[in-house]
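Written below as structure tokens is the structure these notes are about.
Where a number appears in this text, it was derived from the coordinates with a stated rule and is not lab data. Just so it is clear, the model here is predicted, and its values are computed rather than measured. Note that we place each Cβ from the backbone using ideal geometry, even for glycine, and neighbour counts take in every protein chain shown.
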Amino acid sequence: PYTYVSTTGANVTDVVAPAGDYLPRTEGPAPTPFTLLNGSPVNGNWILRYCDNWGADNGTLFFWNLEFGPSLPRIDAGSINETYSIGPRSATWLTGLGLIDQTQTGNVYTARVSPTVASVYNYRFRVTDSANCVYDTVVRVFANPRPLKSTFNADTIICSNTAATLRVQNVQANTTYNWFLTGNISGTPAGTGANFTTPVLPLQPASVKFYLNAVSNGCNTRDTVSVRILQLVDTPVVTLTNATRFTLTFSWPAVANATGYQISVDGGATFITPNGTNGLSHTVSGLRPYELKNVLVRALGPVACQNSLNARASGRTLVDELFVPNAFTPNADGKNDVWMPYGYLIQDIDLKIFNQWGELVFESRDKTKGWDGTSKGKQQPMGVYVYTLRVNTVDGKVIDKKGSINLVR
């Protein structure tokens, strides 16, 4: 109620309500309170006219500056702000129903709420005016349900240099699906709809994330789906393990996750299954003495797109007794990178190589180990080097040779 106290001898003539009707007249000598407005509407301007003992007609304007709109907006689920500009003695949002906090800036009172369950919530705003009258206003908040978390198809594992198609399996009505390439879902989506085809994905990185924002009735649910790119199995490490006048044998250790191996002896035109044990070696036959042969070897993955890169190796068949090359090119191109003596009848060797100042740069007693052009881990410069070689053959002969080697890069 609003209470007005008139002065001594005042005579109230009439009270005009906002709707135009009048409240009954009354007299109220001080300090009798004037309470004719009890139970009346509080919105709008009120005019109170009264006469004093001398018959003067005095007009006084009373108004309430706390006015709530006739209807309140519908508010969706999530954190919201509701503000009212008022001028009361005190005002507050009543706690409860997921009220997070409230702030006041001047005459603007802001409540931040976050309903946890989809429903209709009534938030109460209480104002106490300067006459200690209390007014409550209810704000109805309609908390809409968020879209369900999406479930996706299982084909999110693909080969490199292909695209994946992502599908939402539990499609919901009245829901918009926006796909993004990054976690920033405020920009332009890369695609819309329940199905999305990714860009073509390279071998690396091995896993790529895509982001889905499902929107319904102003509420959103964010999901992340990962696409895994199948990786290649490791490339085999191929070495020449045996040479005769007419054959070359290449071998390699097993590769993790490989399901088999293939070798090509015609430059990659065709690949065949290796003829060695467990597919870990292959002997090339039908060659001529001192013939050079290049091979390609690849490991097979669980699926074809996981096959390894081709490993390259080369070897030369032996001559009847002993052959010592006069040059080599250790430039890591897989061709003539190692200098060593060849011979079908070699049983063991004693090899030493010197630079032009007579310094020993390489020695070996292993007939399968040649010089790669380095000394103590450092590449040696181009130039002419001198070797001394003693060979014991399988038929008991001892062959001593010395000569020069041209190192070319």
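Dipole size of region 327-407 about its Cα centre, with +1 on Lys/Arg Cβ and -1 on Asp/Glu Cβ: approximately 100 debye, rounded to the nearest 20.
Could you list 378, 367, 401 in order of exposure, starting from the residue whose Cβ has the fewest other Cβ atoms within 10 Å?
378, 401, 367
Other residues lying with their Cβ under 13 Å from the Cβ of residue 183 contribute a combined charge of +1, Lys and Arg counting +1, Asp and Glu -1. This model, with +1 at the C-beta of Lys and Arg and -1 at the C-beta of Asp and Glu, gives region 263-348 a dipole about its Cα centre of some 300 debye. Near the amide H of residue 321, within less than 5 Å, lie the amide hydrogens of 344, all on another chain or at least 5 residues away, with H placed in the peptide plane.
Here region 139-263 is assigned +1 on the Cβ of each Lys and Arg and -1 on the Cβ of each Asp and Glu. Its dipole about the Cα centre then comes out at about 320 debye. Straight-line cross-link reach from residue 397 at under 16 Å between alpha-carbon atoms covers these lysines, not counting any fewer than eight positions away in the same chain: 367.
Applying the Karplus relation 6.51 cos²θ - 1.76 cosθ + 1.60 with θ = phi - 60° to region 332-349 yields 3J(HN,Hα) values of 6, 9, x, 10, 6, 7, 10, 9, 6, x, 10, x, 5, 9, 5, 9, 8, 9 Hz, where x marks Gly and Pro. For region 258-372, a Kirkwood radius taken over Cα pairs fed into Stokes-Einstein (4 °C, viscosity 1.567 mPa s) yields D = 79 µm²/s.
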